[in-house]
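Peer 1: Take a look at the following structure, please.
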Amino acid sequence: MKQFDSPIMVTRPLMPKLDHYKANLEEIWESQWLSNGGAQHVGLEKALKDYIIAPNLSLFNNGTIALMTAIQSLRLQGEVITTPFTFPATTHVLAWNDITPVFCDIDPVRLTIDPTKIERHITAKTTAILGVHVYGIPCHVEEIQNIADRHGLKVIYDAAHAFTTTLNGVPIADFGDISMFSFHPTKLFHTGEGGALVYNDTNLKQRIEYLKNFGIKSEEEVILPGINGKMGELQAAMGLNVLPLVRSEQAKRSKIRSLYSELLSDIEGITILKVPEGTTNSEQYFCIRVHQHSFGESRDDVYGRLRLYNVMARKYFYPLISDYPCYSSLSSARSENLQEAKSAAAEVLCLPLYGALVYSDISQIVEIILSKKK
Ligand code: T4K
């Protein structure tokens with residue numbers, strides 16, 4: 001079995017043609033306008049609204065600040081029920097807003113927040129549910145909305161992995177009060193760094209726009225304790241050039257997904273994570289679960305061997321957020337409350353997924369995964 005000559009990363013950013021980007025840079029140079037809602041920003045906001053069919057969309061300098069602002073815009077406080085199986089940003093934005101995260105266990109198949117376990121965590125202090133469409137797998141949006149309606153709670157979705165996802169033809173950001181997308185370079189669609197909020201309530205638009213610009217209303221009026229969440233022109237220009245490449249990249253990734261699935265589907269002890277019926281796949285990640293007992297090796301064994309052969313698969317999301325020292329003393333962080341999340345964190349492995357991978361790369365990666373079993 002051969003080692004890869006250079007590292008195979010878990011992902012690689014879509015890079016537009018430099019000449020195309022330069023054309024936008026020339027416009028920026030000409031205008032001498034670098035931030036605060038310039039022409040590139042205006043152009044990208046419109047292009048994205050059309051692309052993902054969003055009623056309202058606000059661009060941000062990254063997904064984390066966007067999520068921070070979403071929480072501010074809905075005036076959330078007290079406690080918010082959320083998943084521990086996610087990237088640190090999801091929970092940290094609650095802490096930065098002085099809100100106590102309350103960890104709820106996850107659905108063992110989708111790995112998103114388990115709606116059957118949410119209500120037991122609701123107290124007089126609960127103001128919202130914060131779900132994550134992890135790996136682009138949609139949360140149980142109907143059930144979550146029913147719970148929220150019964151208890152007068154807001155619903156926010158971290159849709160960082162779910163760009164272009166639809167559920168029975170409905171864009172994913174149609175669900176909940178606000179959804180956040182990340183446009184980090186590791187994301188399928190990216191702006192170098194960046195993010196966006198998408199929401200149905202047009203009345204929120206003005207408040208969100210103030211909040212992301214220091215709360216400034218006019219030269220002489222600052223009406224809210226806002227932050228600097230603005231996307232700059234260089235980022236927006238990158239986005240304008242990456243957006244036309246998304247569909248063909250998704251098609252390439254979809255072929256790679258099929259190939260991995262074909263090669264790994266009948267292997268005892270390996271489960272492939274799939275989006276549910278009726279869902280379009282964002283093609284953000286390709287993840288498997290390694291069941292130690294039936295596979296005969298742990299996820300960490302497989303991860304370690306892949307590294308030896310220069311394959312940089314990632315253990316997204318290990319460790320669980322509830323195990324971080326800053327959250328582990330919360331009563332909802334107890335292990336017995338989070339059994340499914342614990343198993344997922346120990347078993348999931350994200351394999352390299354990006355359009356430039358070729359057939360021989362995929363078969364070699366699978367061969368490395370299975371080599372111990374032969
Ligand atoms: N919510 C969720 C559920 C998220 O997953 C994230 C971010 C957020 C919220 C926050 O959104 P942002 O504020 O970031 O917009 C990466 C990303 O930094 C992070 O954005 C992402 N989730 C997370 C899942 O992955 P790391 O620590 O794994 O990044 P890093 O530097 O190890 O990059 C991973 C691989 O990507 C590298 O091995 C190679 C490749 N890469 C990376 C970069 C930055 C490139 O080829 N080029 C690049 O420029 O977190």
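Peer 1: Output yes when any residue across segment 132-143 is out of contact with any Phe, Trp or Tyr (no Cβ under 7 Å at 6 or more places or on another chain), among the β-branched types (V, I, T), part of a loop (DSSP other than H, G, I, E, B) and surrounded by 24 or more Cβ atoms within 10 Å (Cβ to Cβ), and no when none is.
Peer 2: yes
Peer 1: Just one of the numbered conditions (1) within 16 Å of the ligand (Cβ to nearest atom); (2) under 18 Å from T164 (Cα atoms); (3) surrounded by fewer than 22 Cβ atoms within 10 Å (Cβ to Cβ) is not true of P55; which one?
Peer 2: Result: P55 passes all but (1).
Peer 1: Collect the residues in segment 1-49 that are in a helix (DSSP H, G or I), within 16 Å of the ligand (Cβ to nearest atom) and without any contact (Cβ under 8 Å) to a residue 60 or more places away in the chain, keeping them in residue-number order. Reasoning before the result, please.
Peer 2: Initial filter on segment 1-49 (in a helix (DSSP H, G or I)): 18-31, 39-49.
Subset that is within 16 Å of the ligand (Cβ to nearest atom): 18, 21, 44, 48.
The one that is in a helix (DSSP H, G or I), within 16 Å of the ligand (Cβ to nearest atom) and without any contact (Cβ under 8 Å) to a residue 60 or more places away in the chain: L18.
Peer 1: Name the residues in segment 218-254 that are over 20 Å from the mean Cα position of the chain (by Cα) and loosely packed, with under 15 Cβ neighbours inside 10 Å, would you?
Peer 2: Matches in segment 218-254: S218, E219, E220, E221, V222, I223, P225, N228, P244, S248.
Peer 1: Within segment 318-327, identify whether any single residue is in a helix (DSSP H, G or I), within 18 Å of P108 (Cα to Cα) and among the β-branched types (V, I, T), and answer yes or no.
Peer 2: yes
Peer 1: Looking at P108, P185, which one is surrounded by fewer than 19 Cβ atoms within 10 Å (Cβ to Cβ), within 27 Å of I272 (Cβ to Cβ) and within 16 Å of the ligand (Cβ to nearest atom)? Spell out the reasoning first.
Peer 2: Numbers: P108 fails: within 16 Å of the ligand (Cβ to nearest atom).
Of the residues listed, the single one that is surrounded by fewer than 19 Cβ atoms within 10 Å (Cβ to Cβ), within 27 Å of I272 (Cβ to Cβ) and within 16 Å of the ligand (Cβ to nearest atom) is P185.
Peer 1: Quick one: in segment 259-287, which of the residues that are outside any loop (DSSP other than H, G, I, E, B) and touching a helix residue (DSSP H, G or I) at 6+ places or on another chain (Cβ under 7 Å) is surrounded by the most Cβ atoms within 10 Å (Cβ to Cβ)?
Peer 2: Checking each candidate, the answer is F286.
Peer 1: In addition: Inside segment 288-316, can you point out the residues that are outside any helix (DSSP H, G or I), polar (S, T, N, Q) and more than 16 Å from the ligand (Cβ to nearest atom)?
Peer 2: Filtering segment 288-316 for residues outside any helix (DSSP H, G or I) gives 288-291, 296-298, 309-316.
From what is left, the residues that are polar (S, T, N, Q) are 298, 310.
Correct list: S298 only.
A short reminder: the numbers here are calculations on the coordinates, not readings from a lab. Keep in mind that this is a model prediction, so the values were computed, not measured. Neighbour counts are summed over all protein chains in view; Cβ atoms, including those assigned to glycine, are modelled from backbone coordinates with ideal geometry.
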